[in-house]
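The values are calculated or read from the model by the stated rules, or taken from the named source; none is laboratory data. Keep in mind the model is a prediction, meaning the values are calculated, not measured. Cβ placement follows ideal geometry from the backbone for every residue including glycine, while neighbour counts extend to all protein chains displayed. Heads up: the accessible areas ignore ligands, DNA and RNA and are worked out on the full protein's heavy atoms, side chains in. Shrake-Rupley method; radii C 1.70, N 1.55, O 1.52, S 1.80 Å.
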Amino acid sequence: FVSALLVLLLSVSSIAAMYLLGQKYVAAAFFQKGITAFNERGDLNTARDNIVTAINLDGQDHYFRSLAETDLLRMNELLGRQDISPDELRSSFQTALGQAIQSGQRATELNPVEPLNWIALGRIYEAVIPFRIEGAAAFASDMYDRAHMRDPQIPEPLFFRAGANTQACYIGDALALLEQANVI
């Protein structure tokens, strides 16, 4: 009886492990398909759909980070469109911004020690600084600070924070950050 029970438990465990590994493999395949769709054809919609499918199968932080970057690209693409009304543009832009922020936040929740997740979230806030959205510059700087705290050896967070400060017209702070990053 005990032997039969052990065989049954091992069988069930093996099937569950195969299912989980298969799910991760399929998620990685969809993620790669999305990246390929963007890199080869510039198709943001297909890329986004495939990344969302990968997230639904296996929600990893780098999938959410890539989704946030995709939404950031969608925001930039919307700004260049002339074929939609200003109200539709505003609504679509706000939707893309909200989705980008949500994806970036989810990436930081899943892996708060990864500086790239904080940088991605900071880039989203930095992208809307020119629109004078209240608090965008402070949020961007805060995200870059968090990235720098996670890995003080890399200069990118300081460099990106200097860019955000430049856009917010804090030139003195930007220069100090560039000096700290050994850029100037």
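Among Ala168, Gly34, Leu178, whose Cα lies farthest out toward the positive end of the dipole of the chain, if unit charges sit on the beta carbon of Lys, Arg (+1) and Asp, Glu (-1)?
Toward the positive end, the furthest listed residue is Gly34.
Would you mind telling me the share, in percent, of accessible area of region 78-128 contributed by carbon and sulfur at probe 1.4 angstrom?
Looking at region 78-128 in its full context, I get 48 percent from C and S.
Heads up, I need the accessible area for Val26: 1.4 angstrom probe, whole protein in place, Å², nearest 10.
That residue has around 60 Å² of solvent-accessible surface.
Compute, for the chain, the length of the dipole vector about the Cα centre, with Cβ point charges of +1 (Lys, Arg) and -1 (Asp, Glu) only. Units Debye, rounded to 20.
Details: 14 positive and 21 negative charges, 71 e Å.
Charge dipole, the chain, about its Cα centre: 340 debye, nearest 20.
If you count only protein heavy atoms with a 1.4 Å probe, what accessible area per residue comes out for region 45-134, rounded to a whole Å²?
51
Viscosity 0.890 mPa s, temperature 25 °C: what is the translational diffusion coefficient of the chain from Stokes-Einstein with a Kirkwood Rh over Cα pairs, rounded to a whole number of µm²/s?
133
Before anything else, pin down the relative contact order of the chain: Cα pairs under 8 Å, at least 6 apart, normalised by residue count, whole percent.
13
Can you work out the FRET efficiency for the pair Arg90 and Asn45, with r the C-beta to C-beta distance and R0 = 25 Å, to the nearest 0.05?
So, using R0 = 25 Å, E works out to roughly 0.80.
Quantify, in whole percent, the carbon and sulfur part of the accessible surface of region 1-52 (1.4 Å probe; protein heavy atoms only).
On the way: 2740 of 3870 Å².
Summing carbon and sulfur atoms, their accessible area is 71 percent of the total for region 1-52.
Could you work out the pair-distance distribution P(r) of region 51-103 from its alpha-carbon pairs, with 5 angstrom bin width and percents rounded to whole numbers?
Reading upward from the zero bin: 5, 22, 26, 19, 13, 9, 5, 1.
Compute the distance from the alpha-carbon center of region 1-36 to that of region 93-160, in whole Å.
Going from one Cα centre to the other spans 35 Å.
Using DSSP to define loop residues, name the trypsin sites (Lys or Arg not before Pro) in region 92-133 whose beta-carbon has at most 16 other beta-carbon atoms within 10 Å.
Qualifying residues, ordered by number: Arg132.
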